[in-house]
1. Modelling each spin label as a point 7 Å along the Cα-to-Cβ direction, I'd like the L124/S75 distance in nm, to one decimal.
2. Using a ≥ b ≥ c from the Cα gyration tensor of segment 32-125 (square roots of the eigenvalues), is it rounded, prolate or oblate, where a/c under 1.5 gives rounded and otherwise the larger of a/b and b/c decides, a/b for prolate?
3. Please give me the summed charge of the neighbours of R43: other residues whose Cβ is under 14 Å from its Cβ, Lys and Arg +1, Asp and Glu -1.
4. Please report the accessible area of D66 (heavy atoms, 1.4 Å probe, ligands and nucleic acids excluded) in Å², nearest 10.
5. Describe numerically, in nm with one decimal, the distance between label points set 7 Å from Cα along Cα→Cβ at K63 and at L89.
6. Please give the FRET efficiency for E53 paired with E30, using the beta carbon to beta carbon distance and R0 = 25 Å, rounded to the nearest 0.05.
7. Can you tell me the accessible area per residue over segment 71-125, all protein chains present, probe 1.4 angstrom, in square angstrom?
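The values are calculated or read from the model by the stated rules, or taken from the named source; none is laboratory data. Quick caveat: nothing in here was measured; it's all calculated off a predicted structure. Glycine also receives a Cβ, built like all others from the backbone with ideal geometry; neighbour counts cover every protein chain displayed. These accessible areas exclude ligands, DNA and RNA; they are computed on the full protein's heavy atoms, side chains included. Shrake-Rupley method; radii C 1.70, N 1.55, O 1.52, S 1.80 Å.
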Amino acid sequence: MSKLLPRIYLPALLVCAQLVIGAQTTYAGEIKVAMKDMKRAMRGAMASTTMPELSRYVAQLEKDADQASRQPYRSDQATYDEGMRKLKLQLAAVDEAIRANDMNEAKQDLRKINATKKHYHDLLN
């Protein structure tokens, strides 16, 4: 019986390990995709010349930020969550400028987001 146990448990352990590693890779991949989409949306927003165009890019940025904020972060969840909360607050300021039809203020707020992004990327990398 004792010789049979390693034969049963070892394969089961390996399958479990693969599932855990695969899940972590999936989350990392989802965050990476969302971050790349956010980068594209940010570039589009900064290059926008009309409020409707800017609004579309900011809506995409908010959607991507929401998606990324729901993902677990492997190394420092607290700092990641803090950065995502700050991003959402800053996006609210961009929305306020858009509602006020103030493109200059909206883009100024987007620049602040870029500075925040750099700060949290430095903390997390």
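1. 1.1 nm
2. Values: a/c = 2.14, a/b = 1.88, b/c = 1.14.
Prolate, since a/c reaches 1.5 and a/b exceeds b/c.
3. Numbers: positive: K36, K39, R40, R56, K107, R111, K117; negative: D37, E53, D64.
In short, +4.
4. Counting only protein heavy atoms, D66 exposes about 60 Å² to solvent.
5. The two pseudo-label positions are separated by 2.7 nm.
6. 0.40
7. Working: 3540 Å² over 55 residues.
With all protein chains present, segment 71-125 gives 64 Å² per residue.
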